[in-house]
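The values are calculated or read from the model by the stated rules, or taken from the named source; none is laboratory data. Only a predicted model underlies this, so the values are computations on that prediction, with no experimental measurement involved. Note that each Cβ is placed from the backbone with ideal geometry, even for glycine, and that neighbours are counted across all protein chains shown.
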């Protein structure tokens, strides 16, 4: 039976404290939140889970966090009572799965070297013998429109037939999508020692990714500012409902067009352009690449 630890917390009901805790787990080593349990580990009497409660709570978590956090959520039994378990793994499992598949499919099987996976305190590295295909470069792999090459076509075909590969040449795009909701995580890849290495790592710790006015604000405590020229601190600029919708859509689909945004948000194309310009000015979003073939990138401010 679980007890409260560094990676497990109890909450009597769903509220902003649940979102704060999940945000902290995303930015550190992952963890679980059990909703419907008191701090002393006793289930809350009369705690009920409505038919749409889980989806409503997930939507609230998503809209109050930036980049959007989408934790695993399920109803579990705890001391004979049904409670809700929200969990955030230390690393996005979809990304780890794709990296393992990539190492198996693209390794050089004529090499005596092994696939090597090394786990450190704040990073995991994946190495496979065999460099990139001669016609594929590191810079191309950093985009979402890189060409697909398979060193071991039969192995790739086998994984495609089992459903483990959705389509050729999409693995790194899915990895980037998976780590997007982990604001302090970065991916790096390079050719090294006759092979290819990918590392996913936490670069710095943060205490909040909350943007919306109603979302919980939490940051490092600061002492009083000194200095005669220090003016009053300015709080984070508010964003409108339409701007939040744009951020939510971009978080799930970085390749969405302005025209598609206009249809999804329900405002004119000129208003979409105006709101995007304001989001850029606020430092919340930027465009990477050209209008055709580029993508939107969310910006995480410390």
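Only residues that are assigned to a strand (DSSP E or B) and crowded, with 16+ Cβ neighbours inside 10 Å were counted across region 163-201, and they come to 10. Can you pull out every residue in region 88-132 that is outside any helix (DSSP H, G or I), under 30 Å from residue 4 (Cβ atoms) and modelled with pLDDT of 90 or more? Residue satisfying the conditions is 124 alone. For residue 79, the requirement of being touching a strand residue (DSSP E or B) at 6+ places or on another chain (Cβ under 6 Å), assigned by TED's automatic domain parsing to the domain that holds residue 176 and surrounded by fewer than 19 Cβ atoms within 10 Å (Cβ to Cβ) is not met.
Please state which of the following conditions residue 155 fails to meet, knowing it meets all the rest: (1) in a helix (DSSP H, G or I); (2) under 25 Å from the mean Cα position of the chain (by Cα); (3) more than 27 Å from residue 26 (Cβ to Cβ). Failing condition for residue 155: (2).
Among the criteria (1) at pLDDT below 50; (2) out of contact with any helix residue (DSSP H, G or I) (no Cβ under 9 Å at 6 or more places or on another chain), the one residue 300 does not fulfil is (1). In the set 123, 111, 87, only one residue is under 20 Å from the mean Cα position of the chain (by Cα), over 30 Å from residue 44 (Cα atoms) and surrounded by 12 or more Cβ atoms within 10 Å (Cβ to Cβ); that residue is 123.
Only one entry of 18, 35 meets the criterion of being in contact with a strand residue (DSSP E or B) (Cβ under 8 Å, 6 or more places away or on another chain) and closer than 13 Å to residue 69 by Cα, and that entry is 18.
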